[in-house]
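Notes for the one structure printed next.
The values are calculated or read from the model by the stated rules, or taken from the named source; none is laboratory data. Remember, it's a predicted structure, so these values are computed and weren't measured experimentally. Here the Cβ positions follow ideal geometry from the backbone for every residue, glycine too, while neighbour counts run over all protein chains shown.
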Amino acid sequence: MIIASTALIILAAIGVYFVGFRSLPTTVSWVPSVSAMASGGDLTVTGQITPANGGRQVLVQSAPTAKGPWQQMRATITTDSQGRFVATFKPHLTGSIVMRVVVGSAGRYVQVIGMSKPVRLLTLSSISLKGGGLVTQVPVSFAVAVDPPSVGRTVTLEQSSDKVHWVPVGPSAQTKADGTTVVRVPSLSIGVWSYRATVAQNDKFAASVSPLASATVQDIKVVAAKAAAAKAAAAAQAAAQAAADAEAAKKAASTDPSANKPNCPVNQGPIPGNWCLHSANGPDNPGYVMQCEIPGVPKYQWPAAVNGKCD
């Protein structure tokens, strides 16, 4: 009996030891914020351990493939009181990677390695936008070019009045093989606007936003009225200038001696000087020039007759 009791006591002690001091498992679930990203972008890792213990150390690791070699990507993360962890950082990627988290051991809780997950590295894109300026409410087209050129990239035009809050305008468009497309906006609202084009991320290229283009949208009725007024003003100015030119020509003709004097021969026959001014100028003399008398006007300013007649 004594031996049996002793054995039971020993077994109970061993059981208490294993219950009190045995290692306990930990599970971890986690997710990266993106499955594909461009170099230099932000990456956020969030996760949860169970049991929910605070103060557990979590490492974020990466490798070229799931076989490793693994290296730490950032400083250690610590779980909060509910077993949660989160960290945002800028990984330095040179190619696509595989990531995992490793929760360190703590007391009776053993280390656990989370499931590895791939993150693809995207090629950077750039996008340019041309259009805008001084326009009216008629449909407007904006030219877009995406680099590197790729067919089927989705491009959207956005509008803002303060360069802070942006809203899409018009339908989206797809790039052609040369990376270009045209975004047509049916009509624009009156005002001064800023525009930008965005190209969406796909499985190979990162998203991108263009530099801004500005546009002043005028009321088409006001523009038409201004154009008509300007045309009328130009026509009136042209008519006034024509009238002024005619008056100037008339005045010049009335004061120009060459226009009023007759065509008088000089040194006609034996008579020197201007024949019209000579007393010998008469119908009987050679070189006679018939003049048309104008009362009150000196004789030398009388005009010569045309075909022997005065009007």
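Here's the yes/no breakdown for (1) at pLDDT below 95; (2) surrounded by 13 or more Cβ atoms within 10 Å (Cβ to Cβ):
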position	(1), (2)
Val34	yes, yes
Ser39	yes, yes
Thr46	no, yes
Val58	no, yes
Met73	yes, yes
Pro91	yes, yes
Gly95	yes, no
Val119	yes, yes
Leu122	yes, yes
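Selection within segment 98-127: residues that are touching a Ser or Thr at 6+ places or on another chain (Cβ under 6 Å) and not hydrophobic (A, V, I, L, M, F, W, C). The member of this set that is farthest from Val217 (Cα to Cα) is Arg108. Applying the condition of being at pLDDT 70 or above and not in a loop (DSSP other than H, G, I, E, B) to segment 300-311 and asking which residue is surrounded by the fewest Cβ atoms within 10 Å (Cβ to Cβ) yields Lys309.
Just to be sure before I move on: is Val144 in contact with a Ser or Thr (Cβ under 7 Å, 6 or more places away or on another chain) and surrounded by 15 or more Cβ atoms within 10 Å (Cβ to Cβ) in the structure I sent?
Numbers: in contact with a Ser or Thr (Cβ under 7 Å, 6 or more places away or on another chain): yes; surrounded by 15 or more Cβ atoms within 10 Å (Cβ to Cβ): yes.
The answer is yes for Val144.
No other residue among Ala224, Ala246, Ala200, Ala280 is outside the structural domain of Pro148 (by TED's automatic domain parsing), modelled with pLDDT of 70 or more and surrounded by 10 or more Cβ atoms within 10 Å (Cβ to Cβ) apart from Ala246. When Pro64 is tested against (1) modelled with pLDDT of 95 or more; (2) surrounded by 12 or more Cβ atoms within 10 Å (Cβ to Cβ), only condition (1) is not met. Looking at segment 59-75, can you tell me whether even one residue there is closer than 12 Å to Val28 by Cα, out of contact with any Ser or Thr (no Cβ under 8 Å at 6 or more places or on another chain) and in a loop (DSSP other than H, G, I, E, B)? Checking segment 59-75: not a single residue is closer than 12 Å to Val28 by Cα, out of contact with any Ser or Thr (no Cβ under 8 Å at 6 or more places or on another chain) and in a loop (DSSP other than H, G, I, E, B).
Taking first residues from segment 75-89 that are not assigned by TED's automatic domain parsing to the domain that holds Thr44 and surrounded by 13 or more Cβ atoms within 10 Å (Cβ to Cβ) and partners that are among the charged types (D, E, K, R) and in a strand (DSSP E or B), no Cβ contact under 8 Å between residues at least 6 apart in sequence or on separate chains turns up.
Restricting attention to segment 100-111, does a residue exist that is surrounded by 14 or more Cβ atoms within 10 Å (Cβ to Cβ) and within 30 Å of the chain's Cα centre (by Cα)? The answer is no, given that none of the residues of segment 100-111 is surrounded by 14 or more Cβ atoms within 10 Å (Cβ to Cβ) and within 30 Å of the chain's Cα centre (by Cα). The strands (runs of 3 or more DSSP E) found wholly in segment 131-238 and carrying at least 1 residues that are of a type outside the set (D, E, K, R) and in contact with an Asp or Glu (Cβ under 6 Å, 6 or more places away or on another chain) occupy 167-174. In segment 161-197, of all residues being surrounded by fewer than 15 Cβ atoms within 10 Å (Cβ to Cβ) and within 13 Å of the chain's Cα centre (by Cα), the one that is nearest to Ala145 (Cα to Cα) corresponds to Val182.
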